[in-house]
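Working notes, structure below.
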Amino acid sequence: MFFTTPEPAGPLRPDPVTMTAFRSVSDYLTQDANRILNEWWEVIKKQSPSFAELEKLRNPVQYHEQSLELIIKALQADSPAEQATLRDQVTRMARNMAAERLRQGFLLKDILLSLSVFRGAVLDSVGRMLANKLWQAFPVNVLQMEKRVNEAVDIQVASVAEAYMNARDAIIRHREEMLRFHNYQLVKLNDLAARMGESLLITQVMNAAAEAICEMGELSAGAVAIKNKKDQAPMVYSDYGHTGCSPEIIEWLNSPFFQELSEGIVASTRPLIVPNVEEDTRFSNAINFGVSSLLCVPLRTADKVIGVLYGIDYIARDFTPHEINLILTFANQAALAIENAQLFTEGQQAYEELQELDKIKDEFVSIASHEIRTPLALIKGYSSTLLRFDLKLSPEKQQKFITGIDDAANRLVNLINNLLSVSRIESGRFKINPQPVNVREGIKNAVGGFQGQLDGHELVLHLPNDNMRARCNRDQFEQVLTNLISNAIKYSPSGGNITISATHVPVRPSENAADPGSGDAAAERVEVRVSDQGTGIPQEHLGHIFEKFYRVETGLTRKTQGTGLGLYICKSIITSYGGDIWAESQPNEGSTFVIQLPVWKLDAELPA
């Protein structure tokens, strides 16, 4: 239903006395404005608490201040033209207010109730003024004043009702369109989430997430930055996880500035929205890449943030609250999909590693069994022969068999020592026992164990004349040398010299601080070198030969017995005492294994 206000038929111009009275009332209403507004607000809070709560969020006094101002002007208008102009102003204000309140969720009955209460507060104020005996002598003027006030309020009521009804139809149509659009976006969101869930491969999931953010937000480019395991900084990978991004943009997203920015987003778990990068000095160089607007959304799972989702547009644009909420919802689904893919990838890698470990274990068991069986077979064969009373062996033969038993037993002891060392290292039970090791004696003891096992090799020693002492453990030091000499014999089948040397070498000041027991900046280290004239080690294998079970695959190594544990044990022992070990080699020119250990400093080793 529409309210209309009939035009007055030929309004008369009020007489001067009446106009003076109107101006007096308008002045009084101006002075009494705060009281009028307070009375209106107190009544509204009692009669409609829900309306009052909504009004509190929308500056409730502003509209009624304007309304009162127009009522006062209406009382002051003394010509039909002025009254018509004010009527138009009141109508426009009421219509604007009605449309705005409708968009904000107010009901028509609450708005009309508010105007009715406001009318009563204004009339009460006029009544307080007219209660004075001075005004009781002018009853006609009183009626005209009340009539003028009611006319001004009635115009507002009629205009509000008409504007509300007209605006309601438009808003209903708009809401229906928005509802259809939101439904479409939700269907798209479900479709994109299902598309990401079709695969568990991390590359495919991240590609799908980057494409989906572009489609969801109608953006030009998208990228997924995942936290790096090394330094936990989100990073965009160059070969997957992005779409529409040039190499320059990817480099920009991985710059130190963006690393710090993304870490802040991860820490706060709040999105960063930049509608126009030209208005944000932090992104002043973005225009060089064609970027105009930017959206950075945290990828958050139930208990952590795994990265950042970047949305890029090449035109400046605003993001509506609905778009942001939709993208945040999508980002949470994308985070779950990426986390699932990461877990699947990690599980697959762990499974492959277990398979590889099983293979290595089987190979190790086979090799270790063979390594143990070979010396046992020799011991069994020699001892069985010696125990046969029907055989008459010469003293030379008997000595040869006994020596063979001794050599085989030494090999067996060395193998068992290596296996026990690996077991202690892997279980964390390996203990260091630093002591001053006489390097000259340690080398001689290790070399002495190979007498009769050199197979055409010659051991050449270059040892110091002084009592050079290294910070290590005597037995473990000799075990390292035994492994290195054994390898030198195995992998130089054509014979040749095996050279063992020991000397002092200076320590650089930068290394001295981390060198236990090193003393001062002029400290020295003990360096032992074991060199052979064998086949050498290819350069690509030098960085791996100290890994557990690692063996260089060549024709010679396949024929040579070994468990792949010797060098791993050597490195574990040497590094545990603050030393270092490495290999120098050229194919077909032999290899040199270098050990460096801290020099024993008596004062440094004594307890404080």
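Residue separation times 0.36 nm, minus the C-alpha to C-alpha distance between Asp475 and Lys359: what's the value? Can you show the working numbers first?
Values: separation 116, 0.36 × 116 = 41.76 nm, distance 3.23 nm.
Using 0.36 nm per residue and subtracting the Cα-Cα distance, I get 38.5 nm.
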Worksheet item: Under a straight-distance cross-link criterion of Cα-Cα below 29 Å, which lysines are reachable from Lys147, leaving out those fewer than 8 residues away in the same chain?
Response: Lys45, Lys46, Lys73, Lys109, Lys133
Discussion item. Checking the cross-link filter: which lysines have an alpha carbon closer than 22 Å to that of Lys304, excluding same-chain neighbours under 8 positions apart?
Written reply: Lys227, Lys229, Lys230
Worksheet entry | Segment Arg92-Gln204, length gained on full extension (0.36 nm per residue, minus Cα span) | 34.5 nm
Discussion item. Relative contact order of the stretch 273-343, please, whole-number percent, based on alpha carbon pairs below 8 angstrom and at least 6 residues apart.
Written reply: 29
Discussion item. Report the gain in length on full extension from Glu263 to Thr575: 0.36 nm times residue separation, minus Cα-Cα distance, nm rounded to one decimal.
Written reply: 108.7 nm
Worksheet entry | log10 of Debye I(q)/I(0), alpha-carbon scatterers only, for the stretch 224-283 at 0.18, 0.20, 0.23, 0.28 Å⁻¹ | -0.70, -0.86, -1.10, -1.34
Discussion item. If I model a spin label as a point 7 Å beyond the Cα along the Cα-Cβ vector, how far apart are those points for Arg424 and Glu540 in nm?
Written reply: 3.7
Practice prompt. Can you tell me the FRET efficiency between Asp154 and Glu53 if r is taken as the Cβ-Cβ distance and R0 is 30 Å, rounded to the nearest 0.05?
Written response: 0.60
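Find the relative contact order for the stretch 220-317 and round it to a whole percent, using C-alpha pairs within less than 8 Å whose residues are 6+ positions apart.
Details: 177 pairs, mean separation 30.0, N = 98.
Value for the stretch 220-317: 31 percent.
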Worksheet entry | Simple label model, 7 Å out from Cα along Cβ direction - Asn228 to Asp466, nm | 4.6
Worksheet item: Under a point spin-label approximation (7 Å from Cα along Cα-to-Cβ), what is the Glu65-Leu393 distance to one decimal in nm?
Response: 11.8
Worksheet entry | the stretch 242-387 - Rg over Rh from alpha carbon coordinates, Kirkwood radius | 1.44
Worksheet item: Mind checking which lysines have their C-alpha under 26 Å from Lys361, skipping anything on the same chain fewer than 8 residues away?
Response: Lys431, Lys490, Lys548, Lys559, Lys571
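May I ask you to derive the FRET efficiency for Glu218 and Thr345 from their Cβ-Cβ distance with R0 = 41 Å, giving the value to the nearest 0.05? Each step should come with its number before you reach the end.
Numbers: r = 31 Å, r/R0 = 0.76.
Once the sixth-power term is evaluated, E becomes 0.85.
Throughout, read-outs are computed from the coordinates displayed, never taken from laboratory work. Just so we're clear, the structure is a prediction, and the values are computed from it rather than from any experiment. We place every Cβ from the backbone using ideal geometry, glycine too, and count neighbours over all the protein chains shown.
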